[in-house]
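Each value in this text was obtained by applying a stated rule to the coordinates, not by laboratory testing. What you see is a predicted model, and the numbers here were worked out from it, not measured in a lab. When we count neighbours, we look across all protein chains shown, and the Cβ atoms used for this are built from the backbone with ideal geometry, even at glycine.
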Amino acid sequence: MKRELFDLDWRFALDTNAQASREFDDTQWRRVDLPHDWSIELPRRADAPSGAQGGFAQDGVGWYRKRFTLPAESRDQRVYVEFEGVYHDAEIWLNGRALGVHPYGYSTFLLDLTPYLDFDGENVLAVRVDSSTYPHTRWYSGSGIYRHVWLLTAGPVHVAHWGLSVTTPEVTDTAATIAAQTTVTNHADVDRALTVRWSVVDPDGKPVADAAATVTVPAGASVDARQNLSVPHPRRWSPDTPHLYRLETAIYDGAECLDREATTVGNR
């Protein structure tokens with residue numbers, strides 16, 4: 001899955017009454033790059049609803065809008081947007097179509113843009129953020145899209161977002177067991193018979209274990225593939241010796257690699 005930073009060149013306004021989810025003239029709005037917190041920009045007020053526990057910060061309703069186009073090769077791919085954090089009560093639209101809501105301000109969330117994208121013209125992503133409801137926090141929270149945003153693209157068959165899981169159920173001086181789980185998503189119109197391959201690379205970049213499993217993923221579904229890999233004479237992770245291995249995962253249809261992902265793992 002390709003991951004592209006989506007932070008630059010947004011339009012922003014503090015406006016309770018704006019109807020900016022659809023076609024809207026935002027040319028007079030301020031240009032901002034993310035992450036952005038509008039509360040930190042405003043003066044503190046003794047009568048602010050946030051009170052002492054919220055640092056007397058001013059809140060409100062803010063709108064963000066971003067215009068973007070996609071390359072031609074994206075037409076046959078799945079396209080997602082990932083928000084690392086929006087505080088809070090976020091509502092999101094793409095080209096005037098509602099994508100979803102995310103009330104909680106401290107967690108990451110993912111939305112699928114694919115059904116409503118215009119691959120031949122300009123797209124508009126609109127985000128309404130409402131931090132005016134109190135009480136909602138025990139400390140200064142800020143307001144707005146205060147963490148990074150990412151645009152993700154992948155083929156119809158890919159490793160699901162957050163689809164890698166790895167544990168080390170048994171670690172000895174002789175060997176470590178690395179239990180890998182990969183969620184394979186199939187957005188194609190037909191069932192797919194696939195091979196998932198895993199490889200463990202040690203801290204020096206040397207492959208030290210590999211395994212494979214075959215899975216059949218129905219059209220429009222996701223399937224988990226699991227396998228245990230044995231790493232000989234593992235180097236232990238600790239704060240003093242933070243040795244990290246890398247688990248590389250790839251999905252194959254015959255000899256063709258459809259997607260690959262990697263994550264780090266420590267043996268403790």
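Data for the structure
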| item | result |
| --- | --- |
| Where only alpha carbons of the range 1-160 are counted, the Rg and the Dmax (Å) | 16.4, 54 |
| From the C-alpha gyration tensor of the chain, square roots of 5λ in Å | 41, 26, 14 |
| Cβ-based exposure ranking for Glu84, Glu73, in which fewest neighbours within 10 Å come first | Glu73, Glu84 |
| Positive minus negative residues near Trp93 (Lys, Arg vs Asp, Glu; Cβ under 12 Å) | +3 |
| Shape category assigned to the range 114-233 from the gyration tensor of Cα positions, a/c cut at 1.5 | oblate |
| Potential extension, Arg235-Asp7 segment - 0.36 nm per residue separation minus Cα distance | 78.3 nm |
| Distribution of pairwise C-alpha distances over the range 33-97, 10 Å bins, in % | 14, 38, 26, 14, 7, 1 |
| Amide H contacts under 5 Å for His88, placed H, 5+ residues apart | Asp130, Ser131, Gly144 |
| Contact order normalised by residue count of the chain, Cα under 8 Å, 6+ apart, percent | 18 |
| Rounded to the nearest 20 debye, dipole of the chain from Cβ charges on Lys, Arg, Asp, Glu | 500 |
| Most positive-pole-ward Cα, Ser39, Thr216, Trp29, against dipole of the chain from beta carbon charges | Ser39 |
| Zone of Phe109's modelled label, taken as backbone nitrogen in the range 117-138 under 14 Å from a point 7 Å along Cα→Cβ | 126-131 |
